[in-house]
Amino acid sequence: MPQIPEKIHELTVGQLAARSGAAVSALHFYEAKGLITSRRTGGNQRRFSRDTLRRVAFIRAAQRVGIPLATIRSALAELPEERTPTREDWARLSEAWRAELDERITQLNRLRDHLTDCIGCGCLSLDTCVLSNPDDKFGERRAGSRLMAEGH
Ligand code: FES
């Protein structure tokens with residue numbers, strides 16, 4: 001990963017991509033979503049402050065554990081003056097997100113167990129397949145249909 005000399009306080013999008021490991025398109029996306037900001041030069045080129053590197057590292061680390069961008073954006077917006085997350089900010093937020101991650105792992109384990117029941121079955125039955133009809137959405141409609149068929 002190329003080093004950026006300390007005396008450089010602003011980065012082009014290419015430098016930010018090279019140093020952070022994020023694709024230029026991802027950086028544009030983060031900017032469009034309000035996660036990072038840049039100023040424009042007279043030639044309409046983006047310049048990012050050096051601390052955007054840490055901001056991008058924060059975003060990517062959070063994304064890697066499956067934290068939705070909207071949650072990341074809220075977390076960044078809640079920091080005083082929307083500052084770049086400090087070491088303490090990341091420690092606090094990552095601890096809070098661990099509970100969410102545990103919950104998602106539990107849900108995924110449950111889904112995996114249901115999927116195991118589907119392997120080799122293929123019925124996708126609304127009556128019996130939990131993955132096909134996870135909330136039993138049509139349970140009421142089935143009862144209604146039966147009532148109608150019975151002439152009630
Ligand atoms: S496909 Fe038959 S139980 Fe899911």
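Every residue, every condition in (1) more than 14 Å from the chain's Cα centre (by Cα); (2) in contact (Cβ under 8 Å) with a residue 24 or more places away in the chain; (3) surrounded by 12 or more Cβ atoms within 10 Å (Cβ to Cβ), yes or no:
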residue: Leu11; (1), (2), (3): yes, yes, yes
residue: Ser20; (1), (2), (3): yes, yes, yes
residue: Ala26; (1), (2), (3): no, no, yes
residue: Arg47; (1), (2), (3): yes, yes, yes
residue: Asp51; (1), (2), (3): yes, yes, yes
residue: Arg60; (1), (2), (3): no, yes, yes
residue: Arg64; (1), (2), (3): no, no, no
residue: Ile72; (1), (2), (3): no, yes, yes
residue: Leu76; (1), (2), (3): no, yes, yes
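Determine whether segment 111-122 contains at least one residue that is open to solvent by less than 70 Å² (accessible area, probe 1.4 Å), farther than 30 Å from Arg54 by Cα, within 16 Å of the ligand (Cβ to nearest atom) and not in a helix (DSSP H, G or I). Within segment 111-122, one or more residues are open to solvent by less than 70 Å² (accessible area, probe 1.4 Å), farther than 30 Å from Arg54 by Cα, within 16 Å of the ligand (Cβ to nearest atom) and not in a helix (DSSP H, G or I). Does Leu93 satisfy being surrounded by 11 or more Cβ atoms within 10 Å (Cβ to Cβ), under 25 Å from Leu11 (Cα atoms) and modelled with pLDDT under 90? For Leu93, the condition - surrounded by 11 or more Cβ atoms within 10 Å (Cβ to Cβ), under 25 Å from Leu11 (Cα atoms) and modelled with pLDDT under 90 - is not met. Going by the structure shown, is Gly66 of a type outside the set (A, V, I, L, M), on the phi > 0 side of the Ramachandran plot and within 16 Å of the ligand (Cβ to nearest atom)? Taking the combined requirement at face value, the residue does not satisfy it.
Out of the residues in segment 123-132 that are within 6 Å of the ligand (Cβ to nearest atom) and among the hydrophobic types (A, V, I, L, M, F, W, C), which is most open to solvent (accessible area, probe 1.4 Å)? In this case the residue turns out to be Leu124.
The values are calculated or read from the model by the stated rules, or taken from the named source; none is laboratory data. Bear in mind the structure is a predicted one, so any value in this text is a computation, not a measurement. Methodologically, a virtual Cβ is constructed for each residue, glycine included, from the backbone with ideal geometry; neighbour enumeration extends over all protein chains shown. Calculation scope for accessible area: heavy atoms of the full protein, side chains included, ligands and nucleic acids excluded. Shrake-Rupley method; radii C 1.70, N 1.55, O 1.52, S 1.80 Å.
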